[in-house]
Amino acid sequence: SKAEMRHTCRGTINLATANITVEDSCNFIISNGGAQTYHLKASSEVERQRWVTALELAKAKAVKMLEESDDSGDESVSQTDKTELQSTLRTLSSKVEDLSTCNDLIAKHGTALQRSLSELETLRLPAESTEKIKQVNERATLFRITSNAMINACRDFLVLAQTHSKKWQKSLQHERDQRIRLEETLEQLAKQHNHLERAFRGATVLPANAPGAGGSAKDPCCAAKGDMSDEDDDNEFFDAPEIITVPESMGHKPRLCSFLPSRRTGSNISGTSSEISLDEQYKHQLEDTKKEKRTRIPYKPNYSLNLWSIMKNCIGKELSKIPMPVNFNEPLSMLQRLTEDLEYYELLDRAAKCESSLEQLCYVAAFTVSSYSTTVFRTSKPFNPLLGETFELDRLEESGYRSLCEQVCHHPPAAAHHVDSKNGWTLRQEIKITSKFRGKYLSIMPLGTIHCVFHSSGHHYTWKKVTTTVHNIIVGKLWIDQSGEIEIVNHKTGDKCILKFVPYSYFSRDVARKVTGEVTDPAGKVHFFLLGTWDEKMDCYKVTPGTGDSSAEGRQRAHEAEDSRVLLWKRNPLPKYAENMYYFSELALTLNAPEGGTAPTDSRWRPDQRLMENGRWDEANAEKQRLEEKQRLSRKRREAEAARATEDGKSGALGPPPRCPPGRGSVTPPLPPGTPYDPYKPLWFERKKDPVTQELTHIYKGGYWESKEKQDWTLCPDIF
């Protein structure tokens, strides 16, 4: 294929000038006159004749195309393109005619002007006036010469445009045809892949009455229904304690079958309707979660979706601005995904107890790597938070910390995060997510600085995140890779750690998802070497003075010494049947559990996300569209308020207010003259210059936990 020519082709022969000769019953030769000759052998005489015929036809087509490219008058362009081209040429011609008319007028009036000036020269005027008239006469002559040159240049341009326009048009048509063929090929591949995947799933699901499908006392999960087809879109699913599946022990991959209401609730057992409202279900879940943390969520339905039909129009675009159905999502918001960085908070607890700043830096580095371990199988995207949306995680009693996130900007999406721990550390960050779809893969670039401060020592660490890449977007199994470097700096002591995330390479002998790191003091001397993978574990090796130098060989010998190895971090195993629950970790399974007393802007109250978690994807898509439209209307209303304030002289801004971001529903009071008008300010964070990095960032200003204690949420906007 043409796509393979760039990287696998060993040579080419132009068919238009090729010689095709038959050698015997099965062999034939293709040559271009001596430079290259291919001897080809077919399996039979019939097969040889098919190849020779096909190549002769292709040669005739190539010769014809070559002749057409030489003859600019015989173009194969559409009638619409021809009409548009002719219209453009007519417009150019009329403009040149207008310029020619202007030139004639300039020449006519220029001649009259020079005649008048010549008559003035014959009059008896002072010497000074005669000199001035001569200067004016010379300038008029130069002006006429210049205008003539301009008209001639325009005429030359028109001739050139007429000569080359047809060739340009043909090149454009060729590119369009190539793109259409590429889209058709990719769409066909995507359909074939989807068909094969569904056929495979259908072949591996046991029927309801199959032997061994009845489940067991230990695991109430059993098979009740096969995979969902495209015609099952009307089915609704309801959250319940019993989730029906085929156990893995039977050799079949567990699949969603149906969600059956618990008999204790007395709800309607119909699969297409339910008299229990979402709020009532939510109340039941609230009562359950007060007792213990949940360990499972409703299984992911097997909805079929043509990915390419949506993604082909997204190439090169910023995905946060493109509305996506919930079929691509997981039932968590980006704020909850950001909170998952705390999965291994114990590393920071341990770091807070370290007396050595260099050892402390090792644990901070391990914590940095551990935040990527939850992404290894998580190929679904989280929900984009609405502006003003929040998420809290209060684990003060169990784990010693409490966390708060708030969406502070919508375009580009930005979330502020603040964590306080009674074990002696504070973590804060503001992350802006930018993403680009490149056709075969999706790049996700988090922008922003993460800060970690230890209270007793005053050590202040900062670092940034690396780029995440999702591969095989169109065809094949999705997989995720992390690549880039992270520099962790202790701003008090000057210690540094450089972590290198090695990108996956098919030809590399290194272990996949490898991460290496070096911990250095302010003088650049290496004290620790870090080695591991971002999805499994991180080890630390002390570089002893006996190893001599800081060369690569010295460090290699040091970290090969097992007696100096210290295991910093190891990934927790995933829960049972995690593959049916979006590959959520134990922490992720609890994040969207209903919880009383949270703010009305909390992600747990988001209706489209709750509907999706309960398997009601059609309703979730409709609800998602409603929320997005509500947010757009809110933004337009705030922009109108900003424009009115500017017109009334209440703003010191010279132009319209920034588009990002309108926010809460409250009306901003009149501002004194000269005060900048800000259409939106986050509720719990304020934008200020960071004293350490000197960056403008959103820092927690307090008040949330006090409002929660009083249950006073009057300042919260109505975003859901």
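The values are calculated or read from the model by the stated rules, or taken from the named source; none is laboratory data. Note that the structure is a prediction, hence the values are computed from the model and not measured. For neighbour counting, all protein chains shown are included, and Cβ atoms are generated from backbone atoms with ideal geometry for every residue, glycine included. The area values use the complete protein model at the heavy-atom level, side chains included, leaving out ligands, DNA and RNA. Shrake-Rupley method; radii C 1.70, N 1.55, O 1.52, S 1.80 Å.
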(message) Given a 1.4 Å probe and heavy atoms of the protein chains only, how would you sort Lys708, Lys353, largest accessible area at the top?
(response) Lys353, Lys708
(message) What FRET efficiency comes out for Met150 versus Asp718 if R0 is 60 angstrom and r is the Cβ-Cβ distance? Round to the nearest 0.05.
(response) 0.40
(message) Suppose accessible area is computed on protein heavy atoms with a 1.4 Å probe; arrange Met445, Met581 from highest to lowest.
(response) Met445, Met581
(request) With a ≥ b ≥ c taken as the square roots of the eigenvalues of the C-alpha gyration tensor of the stretch 474-543, please select rounded if a/c is under 1.5 and otherwise prolate if a/b is larger than b/c or oblate if it is not? (result) prolate
(request) Note down the accessible area of Ile145, probe 1.4 Å, to the nearest 10 Å². (result) 100
(message) Between Lys710 and Glu292, how high is the FRET efficiency from 1/(1 + (r/R0)^6) when r is the Cβ-Cβ distance and R₀ = 35 Å? Nearest 0.05.
(response) 0.80
(message) Using a 7 Å offset from the Cα along the Cα-to-Cβ direction at both Thr467 and Lys64, what is the distance between the two label points in nm, to one decimal?
(response) 4.5
(request) Considering only protein heavy atoms, with the full assembly of protein chains and a 1.4 angstrom probe, order Thr697, Thr17, Thr141, Thr714 by accessible area, largest first. (result) Thr714, Thr17, Thr141, Thr697
(request) Rounded, prolate or oblate: pick one for the stretch 19-67, where a ≥ b ≥ c are the square roots of the eigenvalues of its C-alpha gyration tensor, a/c under 1.5 means rounded, and failing that, prolate if a/b is larger than b/c, else oblate. (result) oblate
(request) Give the carbon-plus-sulfur fraction of the accessible surface of the stretch 447-533 in %, rounded to a whole number; probe 1.4 Å, heavy atoms of protein chains only. (result) 56
(message) Can you give me the distance in nm between label points at Glu647 and Ser129, each placed 7 Å from the Cα along the Cα-to-Cβ direction?
(response) 5.8
(request) Subtracting the Cα-Cα distance from 0.36 nm times the residue separation, let me have the gained length for Ser43 to Arg201 in nm, one decimal. (result) 53.1 nm
(request) State, to one decimal in nm, how far the label point of Leu89 lies from the label point of Glu346, with both points 7 Å from Cα in the Cβ direction. (result) 7.8
